[in-house]
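The values are calculated or read from the model by the stated rules, or taken from the named source; none is laboratory data. Everything numeric in this text was worked out from a predicted model, so none of it was measured. Heads up, the Cβs are rebuilt from the backbone with ideal geometry, glycines too, and the neighbour counts pull from every protein chain shown. Surface accessibility is based on the protein's heavy atoms, side chains included, excluding ligands, DNA and RNA. Shrake-Rupley method; radii C 1.70, N 1.55, O 1.52, S 1.80 Å.
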Amino acid sequence: MRVVLASASPRRQELLKRIYASFDIVSASVDEKSIEERIEKEVPYIDKRDMAARMVRELSRAKASAVFQMLGCPLDTLVIGADTVVALSSEILGKPADRDDAVRMLRAQSMEPQAVITGVTLIYRCADPAGRQCGACCGRQSGCASSADGFSLEVSTRCRTFTEESLVVF
């Protein structure tokens, strides 16, 4: 079975190396902002942590699906997509836009507990020796059958308190 990580993240690569010695890395361009905006419009009144969990599940699925289709929906291939955010009670933190934004995020994280939420999607198209199809079609090719499963995991944590002096040094 071929394993493909749908991410260029060095941390995800490091983690996957603990499970699989050999895997391919293929990343696809996904419009994360439009997915985030759509979710915020669809469910504007839910808790930020629930919204973050939905966001990472959908983003991980979009990334895995894009790579799976880019590869031509290959047989006997597992594509792994993932996305992570940090959720505070009033804000979902993604990647910082710049240094000032990173400092702002660290300051916010040091003031309250946060949830680190990761969404993971696995897409697999089996190579059934009997020629039967499995799962639902990815939509790219006729006869292309795959199964996709996703989940999110939340870890509650508290960031150390940063002093203003340490943030300036950062």
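Things to note:
- Distance between the modelled labels on Glu37 and Met111, one decimal in nanometres: 2.7 nm (7 Å Cα→Cβ projection).
- The fraction of accessible area contributed by carbon and sulfur in the stretch 1-65 is 48 percent, rounded to a whole number (1.4 Å probe; ligands and nucleic acids excluded).
- R0 of 30 Å, Cβ-Cβ distance Ser22-Val155: FRET efficiency to nearest 0.05: 0.60
- For the stretch 1-56, the set of trypsin sites (Lys or Arg not before Pro) satisfying both a DSSP loop assignment and a count of at most 16 other C-beta atoms within 10 Å is given as Arg18.
- The stretch 74-124, relative contact order [Cα under 8 Å, separation at least 6], %: 59
- Net length gained if the chain between Val3 and Leu15 were fully extended (0.36 nm per residue, minus Cα distance): 3.0 nm
- Note on Asp47 and Cys126: their simple-model spin labels are 3.6 nm apart, each label 7 Å out from Cα toward Cβ.
- Taking the centroid of alpha carbons for each part, the stretch 6-46 and the stretch 90-116 are 19 Å apart.
- Partner lysines whose Cα lies under 22 Å from the Cα of Lys95, excluding those fewer than 8 positions away in the same chain, are identified as Lys33, Lys41, Lys48, Lys63.
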